[in-house]
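Here the structure is laid out as structure tokens; the discussion comes afterwards.
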Amino acid sequence: MTAQDPSPAGGHGTRPADERSAPADGGGSGGRDHRRTARPSGRRRPLTGSLLARRVLGHGATYLVLIVAAALTLGPFLFSVMTALTSTTQFAQEGPLSVPAPPVLDNVIDLFSSEDGFVTPVAVTVQMVAVILAGQMVFSVLAAYAFAQLRFPGRDLLFWVYIATLMVPQVVVVVPLYLMLSEMGLRNTFWALVLPFVLGSPYAIFLLRENFRGIPSELMDAMRIDGAGTLRLLWHLVVPLNRPIIVTLVLITVVTHWNSFMWPMVITSGPEWRVITVATSALQSQYNNNWTLVMAGTTLAMLPLVILMIVFQKQITRSVGDATLR
């Protein structure tokens, strides 16, 4: 009994520590499992030839699609800039795809020096966009705060009825708006360009309301206890907390109304209140064969928007991230 069942107290009968820690089955598989578990986690299995080829083909196809999409998107803009900087003689001799050699600004100078140039359309467009932008931001912020924080009978019903106007195409309301403004004697005036859009935007109100509802009520209650009124609450708390989304709405409003074409073309006539999009369209019929001048007008029409997007791209990215987190 003593030889077959040694006591733990015996010196020579005690098993080593590594044997005591071994698995119960004592087989070679236990040692292999132990070694497999101890393998460093940073090591990866080497890629086989077929797996490596599939991965390379997948990345190559992705980049190919991105390059083609970028070329299709940026190609027309690049072509417009190249043609605008090409002289009329070079364009007639070498064709539309020729690189300007050297680049010239004669077409841009001709646009602003001609009788029906771009001076008046640019001035009218800037004024129109500025007035619409100021009105939409003020009224949209006030309306969104009322729908988000104030309580009054029929609030939700009124909000959703107003938002439902987003589903109505703009083409449907052009004729009623035209008749209304004509009866008011505002046809072919500056106010006819801005009145239908200056009192707020359903999209802006919807987006601001959803963001205003996420403001902690403790912060607003603390400012109310300190004696802050509604306007002070808006200016010092609500607007600073939602600055990225407001900047994005500013850019959307500027781009939308800078590119507005159908309504200005319908409600105005003649060069007095012509906006830049209508003036660019008139160039195509007025200078049918002078494509360098037409492309110069197109480039000038889109240049301010490109500059705005480059300057405020960080705010746009931040607002998209905040909206996603909320």
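Keeping all protein chains in position, work out how much accessible area Arg55 exposes to a 1.4 Å probe, and write it in Å² to the nearest 10.
120 Å²
Per-residue accessible area for Ile307 at 1.4 Å probe radius, Å² rounded to 10?
90 Å²
What's the magnitude of the charge dipole for the range 83-178 around its Cα centre, counting Lys and Arg as +1 and Asp and Glu as -1 at the beta-carbon? Answer in Debye, nearest 20.
It comes to approximately 740 debye.
If you filter the range 166-275 for chymotrypsin sites (Phe, Trp or Tyr not before Pro), then keep DSSP loop positions with at most 15 other Cβ within 10 Å, what is left?
Counting only loop positions with at most 15 other Cβ atoms within 10 Å, the chymotrypsin sites (Phe, Trp or Tyr not before Pro) in the range 166-275 are Phe261.
Express the accessible area of the range 191-255 per residue in Å², computed with a 1.4 Å probe while the remaining protein chains stay in the model.
Each residue of the range 191-255 exposes 50 Å² on average to a 1.4 Å probe.
Compute the Cα gyration tensor for the range 107-212, then decide on rounded, prolate or oblate, letting a ≥ b ≥ c be the square roots of its eigenvalues: rounded whenever a/c is under 1.5, prolate when a/b is larger than b/c in the other cases, and oblate in all that remain.
It comes out prolate by the Cα gyration axes.
Across the range 60-65, in residue order, what do the Karplus-derived ³J(HN,Hα) couplings come to in whole Hz, using 6.51 cos²θ - 1.76 cosθ + 1.60 with θ = phi - 60° and x for Gly and Pro?
x, 5, 4, 5, 5, 5
Can you check how the C-alpha radius of gyration of the range 198-317 compares to 2.2 N^0.38 Å, as a plain ratio?
Scaled against compact globular proteins, the figure is 1.52.
At a probe radius of 1.4 Å, what is the per-residue accessible area of Met184, in Å² to the nearest 10?
Number for this one is 120 Å².
Which whole-Hz couplings ³J(HN,Hα) result when phi for each residue of the range 190-203 is put into the Karplus expression 6.51 cos²θ - 1.76 cosθ + 1.60, θ = phi - 60°, listed in order with x for Gly and Pro?
5, 5, 5, 6, 10, 4, x, 10, 7, 9, x, 10, x, 5
The values are calculated or read from the model by the stated rules, or taken from the named source; none is laboratory data. Predicted model only: the values in this text are computed from it and were never measured. For neighbour counting, all protein chains shown are included, and Cβ atoms are generated from backbone atoms with ideal geometry for every residue, glycine included. Just so you know, the surface numbers come from the protein's heavy atoms only, side chains and all, with ligands and any DNA or RNA stripped out. Shrake-Rupley method; radii C 1.70, N 1.55, O 1.52, S 1.80 Å.
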